[in-house]
Structure formats: structure tokens, C-alpha cells
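Have a look at the structure below before the remarks.
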Amino acid sequence: MPPGRHPLPREFITQHQRARIIAALAEETVEKGYRAVTVADIVRRAGIARNTFYENFSSKEDCFLAASEFAVKEALRRVVDAASRVDSWPARVNSGLAAFLHYVATEPALARTCIVEALSAGPAAVERYERSIQAFVPLFRMGRKVAPKGEDLPGTLEETIVGGVFWIIYQRIVMGQVEEIEQLLPELVEFSLTPYVGAEAAKRTAAEAPIKPNGK
Amino acid sequence: MLDTETREQTGSSERARIVAALIEVASERGYGETTIELILERAGLDRPAFDRHFRGKYDCFLSAWQDQNEECLGTMIRAYESREEWPDRLRAVAYGVIAGLSDDPGRASFGVEVLAAGDAARARRDMTMRVIASLIDAGRQEMDDPDSVPHTTAEALAGSAYGQIYSRVVRGAVEELPELVPQLMSAAVMPYLGIEAAMAELSRESAVPEGYARGVAKKRAGKSEKPPVDGAEGYPPELARLPPGRHGLPREFVTHNQRERLIAGIAEAIAEYGYSGTTIAHITRAAAVSRRTFYEHFSSKDECFVAAYDTVMKELRERVSAAFEEGEEWPQAIKAGIEAMLQFLAAEPNLAASAWSRRSSPGRPWSSATTPRSRASSPTSRRAARAAPRRSSRASRRPPRKRSSAAWSR
């Protein structure tokens with residue numbers, strides 16, 4: 001390769017670098033807790049120069065927020081993708097949640113960073129956590145259209161459902177049971193659907209197999 | 001020279017002043033910016049006074065947090081007991097918690113700040129959350145088919161309620177909390193009582209009852225027509241602390257699994273030697289595994305301890321679930337859960353503090369001084385201990401754990 005020429009587009013490299021730094025932050029956070037992680041740790045783990053870190057992020061906090069944003073976007077993408085492959089709204093919840101739990105199970109470090117630390121790392125992280133919850137709220141709000149008294153349901157119902165699912169995941173991660181997380185699918189589907197379609201219909205959907213999440 | 005009683009009173013009020021000052025300073029400045037100097041300046045006390053009660057800033061934080069959690073649990077249980085019907089009970093709990101937060105926004109923000117301090121603080125919070133979940137889960141007793149609601153439902157409801165309250169506290173919007181209650185209540189009763197009951201909750205007016213605490217007290221006093229729940233003696237009114245020396249980990253934990261054996265091992269070793277006296281060798285001997293095996297699972301004593309803590313939480317949940325499945329009455333089930341938790345907390349406060357201070361200030365010499373609480377066997381705690389389930393029989397043979405009181409009684 002002649003010197004001075006880049007085999008890859010600039011944008012690709014930047015993307016790749018950011019992903020690598022985010023992954024490094026997540027791994028370090030799992031190891032020692034967010035508070036104790038330093039930029040030096042992240043740089044070492046990612047195998048990049050300190051300058052490179054600061055070209056991408058202004059601080060550790062900035063990097064944490066980016067990690068959280070990345071994870072939420074990716075999770076949302078997978079959920080919507082899975083949900084769009086089935087027709088009825090309850091089936092979409094089933095498949096979407098399956099995709100979500102699968103993502104958590106395959107990315108435990110990132111999940112821990114975004115969910116556990118957000119509930120433990122003080123005010124700055126909390127705002128981000130709330131935004132993560134809000135990102136999923138519209139998907140559940142659609143359920144009001146199929147619910148007999150949809151518009152009368154409590155205004156914060158969707159926050160309750162998403163927050164509840166996040167909390168359960170948080171607890172399982174803290175207890176080191178992340179590999180069992182996908183087994184919770186039927187219970188969480190029932191929890192999420194009951195307010196909209198009633199307990200019986202929710203149980204029926206929860207008993208159905210969701211479509212297989214895309215990514216392996 | 002002060003007699004013992006006077007000295008104890010002075011000590012407890014000194015401690016209370018320091019804790020109050022800590023909460024104020026921390027809620028204003030955040031966890032990281034709070035220093036012992038600032039705390040003492042606010043409390044109007046000197047450094048020796050601080051050292052009499054706490055090993056350092058982290059110890060102080062954790063003690064204050066422990067106090068708050070216990071107080072919050074006490075408020076919740078009393079609120080719950082003040083009513084007869086499950087939805088009324090739950091509503092009383094919700095307003096009780098919220099009244100506490102609104103009355104004292106400083107404490108509310110302290111509850112946010114303290115979580116930035118690490119796993120020990122988080123683990124305590126999660127213990128409290130377990131109790132809240134079991135109060136919600138009592139709703140299944142109202143159903144024709146109590147098994148029809150998944151066990152994660154109550155946990156999810158408790159967690160999301162916490163999240164919604166927490167985020168409003170962070171935003172400084174404590175005044176929004178009362179109007180949140182009907183929403184939370186509606187979501188909480190829906191899985192158990194159905195949609196009609198949920199709608200009825202929404203149409204209730206939200207209000208933090210005036211003079212909440214007094215109202216509860218009066219209610220209790222006037223409730224003599226109701227025979228005391230047989231477990232009333234098991235609910236020490238102030239959720240009294242139990243004597244030390246019991247780890248709360250049932251023998252069943254000693255399984256074939258190495259990791260679990262180590263967890264049971266650390267609990268046993270701590271009960272035997274106290275946290276500071278416990279060495280890796282004690283743990284591995286109790287667990288009957290090699291030192292190398294220990295390090296395959298944990299990097300340190302502290303890490304092993306936090307794992308033990310998490311295990312107890314899990315056990316607590318399962319125990320409460322199991323109690324429900326066996327068709328036991330709620331009071332017995334929840335009593336068992338709370339007692340198990342108190343047992344563990346009573347044995348542990350300084351353990352978690354040590355895990356914490358080591359992590360935060362590596363290399364600091366360990367002081368064996370404990371938090372200056374009297375853990376003598378009071379009548380209430382003895383009663384609670386007697387009623388405690390699945391208690392290790394070895395506990396009674398074991399002499400009370402030695403606790404150095406030198407640091408605070410000198």
C-alpha cells in the first residue's frame with residue numbers, strides 16, 4: 001500500500017474508532033464500575049492513542065453518553081426490525097421484546113453500562129436513562145389503539161412498562177443472571193400486554209413463540 | 001465524668017448531627033464534593049467527634065443511607081398496616097413514601113447522590129425495593145387464581161415506580177410526586193384487580209394527607225378492635241436491629257457449586273470472625289475449596305461479599321414467592337422476608353462499608369471500629385430473632401461477635 005493513501009474511507013475509520021472506544025468503556029465499566037474508570041483505562045483497553053480519544057469525545061462522561069445513545073439506537077433498530085415482521089400489535093410486542101432481550105444477552109457489558117450504571121451513577125446519567133425509556137414509549141403507546149379503553153389508561157402506563165422491563169433486566173444483570181434473561185420473555189410479554197388486551201389475551205400471546213431475532 | 005447513659009445520649013445526638021449535616025451538604029454539593037471538613041463545619045463539631053462515630057466519609061455516607069432505608073421501611077410497613085384492604089394499604093405506602101420525600105427534599109436528593117458511591121449503596125437500595133415488591137405482590141391474594149400473575153410483575157412495578165419517582169427527584173420536581181400516585185396505583189392494581197379497579201384509582205384525587213405521620217399513628221392506636229396480627233411481635237415497631245453474629249444465609253446455600261460455596265463460606269467466616277478479621281483462608285476453609293478456586297471466582301474478599309449480598313436478595317425474593325405458592329398468608333410471608341433481610345443487614349452494615357472504603361481509598365489501614373450502634377440484645381430484637389426463619393443453629397452457640405467500641409467511646 002503506497003504511503004499516504006488510506007485504504008478505507010475516513011468516515012468508516014471514525015465510526016469504527018468510536019465503536020471501539022465505546023466497547024472499551026463498557027468493558028472497563030463492568031470491571032471496575034463507571035466511577036473508577038479513567039480515560040487512560042479506556043485508551044489502554046481500546047488500544048488507541050489518547051489524542052484519538054479526545055478527537056472523538058470531550059470526556060469520559062461524553063463517551064458514556066455516546067455509549068448509551070449508541071446502545072439505545074441499536075436496540076431500537078433491532079426491536080423495530082423484529083416487530084415489523086409480524087402483523088398484530090401484541091405479536092409485535094412479543095417479537096420486539098424478544099429482540100431486545102436477545103440484544104441484552106449478547107451485549108452484557110454494554111447493557112450493564114447503560115442500564116445498571118444509569119441507575120447508580122447519579123444525576124447526569126439519570127437524564128440519559130429517562131431518555132432511553134422515552135425512546136421505547138411510542139412503541140407501547142400504539143397499544144392504546146387496540147385497547148378497549150385505550151385513551152383512558154394511565155398517562156404514565158408506557159413509562160411504567162418500559163421502566164419495569166428495564167428494572168427486571170437491571171436486577172438480573174446485577175445478580176449475574178444475564179444469560180437467563182431471554183427466559184423472562186413470556187413473563188415480560190404478559191406484563192406489558194395485560195393493561196391493553198387483558199390478562200387472558202396477554203397470556204395467549206406470551207405463550208406463542210416470537211419470530212427469531214435477526215442477529216445471531 | 002459522664003455516666004454511661006449521658007455519654008450514650010451525647011453520642012447519639014452527635015452522630016445524628018453529623019448525619020444530618022452530611023445529608024445537607026451532599027444534597028447541595030453532590031457526593032464527590034462532600035468533604036468531612038464541610039460536614040463538620042455544618043454540624044458545628046470537631047474532627048474527633050467525627051472519628052468517634054465514623055471511619056471516614058464513605059462510612060458516614062453508608063451509615064446515613066442505611067438509616068434512611070430502615071426508616072423508609074419502617075414508614076412503609078406502618079403505612080401498610082394502617083389499612084385493611086390491599087389497595088388502600090398500597091396507597092398508604094405510596095403517599096407515605098412521597099410525603100417523606102416532599103417534606104425533606106434534601107433527603108430525597110441525598111438518595112440520588114448516595115448511589116453514585118458504589119455497589120454497597122446500591123445493594124441496600126435494592127433490599128428496600130424487594131420489600132416494596134412484596135407489598136405489591138400481596139395483591140395476588142385478592143385474586144381467584146393467585147398464581148395467574150407472573151412473579152416478575154410486582155418487581156417490575158416496584159422498579160418502574162422507583163424510576164419515575166427518582167427521575168422527578170433528580171429533576172427537582174418533587175411537587176409533581178403526589179399527582180403521580182394515582183397513575184402508579186392504577187398500574188399497580190391492574191394486573192391483580194383488573195381494568196375497572198385500575199380506572200377507579202385514576203379517578204381518585206391525589207393528595208398527600210395532612211399530618212400524615214400523625215394520621216397513621218392515630219389509626220394504629222384506634223385499631224384495637226382488630227386483633228393484632230399474630231406476627232405483630234415480629235414487626236419490631238422501629239424495625240429493631242438484630243444482634244450481630246448471624247449471617248442470614250441459610251445452610252441450603254452450601255451446595256455443590258463452588259461459587260455458592262464461597263458465598264456461604266464468606267457469610268460463615270464473617271459471622272465467626274467479623275469482617276475485618278475474616279481472611280481469604282477463613283473463607284476457603286469454610287467453603288472447603290482451595291485458595292486458587294477462590295481467585296478463580298473473585299478478585300478480593302470485598303467482591304465475594306458483594307456477591308453474597310446479591311445472593312441474599314435473590315434468596316429473599318424466592319422465599320417470598322415460595323411462601324405465596326404454598327398458600328401462606330401474606331403477613332407470614334412478608335414477615336419472613338423482612339426478618340431475613342434484617343438479619344443480614346444487622347450482621348453486615350460495617351462489612352459493606354469496608355468494601356466501600358477499601359475500594360475508594362486503597363491502602364488505607366483498616367480500622368476495626370464499627371458504627372456506634374447499640375446492638376445489644378434488646379427484648380424486641382430477641383423476639384425477632386426467635387421468630388426468624390431458617391436460622392443457623394450455630395448462631396446460638398457462637399459467642400457474640402467482638403466489636404471494638406474503642407473508637408467511639410474513648
Just to be sure before I move on: is A:Val165 crowded, with 20+ Cβ neighbours inside 10 Å and either of a type in the set (Phe, Trp, Tyr) or over 19 Å from A:Ala98 (Cα atoms) (or both) in the structure I sent?
no
It is to be established whether one or more residues within region B:30-38 are away from every other protein chain (no Cβ under 14 Å), within 24 Å of the chain's Cα centre (by Cα) and at negative phi.
no
Which condition number does A:Glu190 fail, the rest of (1) crowded, with 20+ Cβ neighbours inside 10 Å; (2) within 25 Å of B:Arg168 (Cα to Cα); (3) over 19 Å from the mean Cα position of the chain (by Cα) being met?
(2)
Report whether or not A:Ala125 is within 14 Å of chain B (Cβ to nearest Cβ) and either touching a residue at least 12 places away in the same chain (Cβ under 8 Å) or not polar (S, T, N, Q) (or both).
yes
Picking from B:Ala121, B:Ala133, B:Ala187, B:Ala154, which residue would you name as being crowded, with 23+ Cβ neighbours inside 10 Å and more than 24 Å from A:Tyr196 (Cβ to Cβ)?
B:Ala121
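For every residue, the table says whether it meets (1) out of contact with any Ser or Thr (no Cβ under 7 Å at 6 or more places or on another chain); (2) in a helix (DSSP H, G or I); (3) at pLDDT below 90.
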position	(1), (2), (3)
B:Glu8	yes, yes, yes
B:Pro48	yes, yes, no
B:Asn69	no, yes, yes
B:Leu101	yes, yes, yes
So which of B:Gly139, B:Gly163 is buried (at least 23 other Cβ atoms within 10 Å of the Cβ) and at pLDDT below 90?
B:Gly163
If the requirement is being closer than 30 Å to B:Arg171 by Cα, within 14 Å of chain B (Cβ to nearest Cβ) and either part of a helix (DSSP H, G or I) or at pLDDT 90 or above (or both), which of these qualifies: A:Val137, A:Val104, A:Val72, A:Val79?
A:Val137
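Here's the yes/no breakdown for (1) touching a residue at least 40 places away in the same chain (Cβ under 8 Å); (2) within 12 Å of chain A (Cβ to nearest Cβ):
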{"residue": "B:Val149", "(1), (2)": "yes, yes"}
{"residue": "B:Thr153", "(1), (2)": "no, yes"}
{"residue": "B:Leu157", "(1), (2)": "no, yes"}
{"residue": "B:Glu175", "(1), (2)": "yes, no"}
Could you grab me the full set of residues in region A:193-216 that are part of a helix (DSSP H, G or I) and surrounded by fewer than 17 Cβ atoms within 10 Å (Cβ to Cβ)?
A:Glu200, A:Ala201, A:Arg204, A:Ala207
Looking only at region A:146-181, count how many residues are more than 7 Å from chain B (Cβ to nearest Cβ) and of a type in the set (A, V, I, L, M).
9
Test result for A:Ala109, surrounded by fewer than 22 Cβ atoms within 10 Å (Cβ to Cβ) and at pLDDT below 90:
yes
Residues (at pLDDT below 70 and either more than 21 Å from A:Gln177 (Cα to Cα) or touching an Asp or Glu at 6+ places or on another chain (Cβ under 8 Å) (or both)) located in region B:250-269:
B:Pro250, B:Arg251, B:Phe253, B:Val254
Could you pull out the residue among B:Tyr166, B:Tyr162 that is closer than 26 Å to A:Ala202 by Cα and within 12 Å of chain A (Cβ to nearest Cβ)?
B:Tyr162
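The values are calculated or read from the model by the stated rules, or taken from the named source; none is laboratory data. Nothing here was measured: the structure is a model prediction, and the numbers come from that model. Cβ: placed from backbone, ideal geometry, glycine included. Neighbour counts: every protein chain shown.
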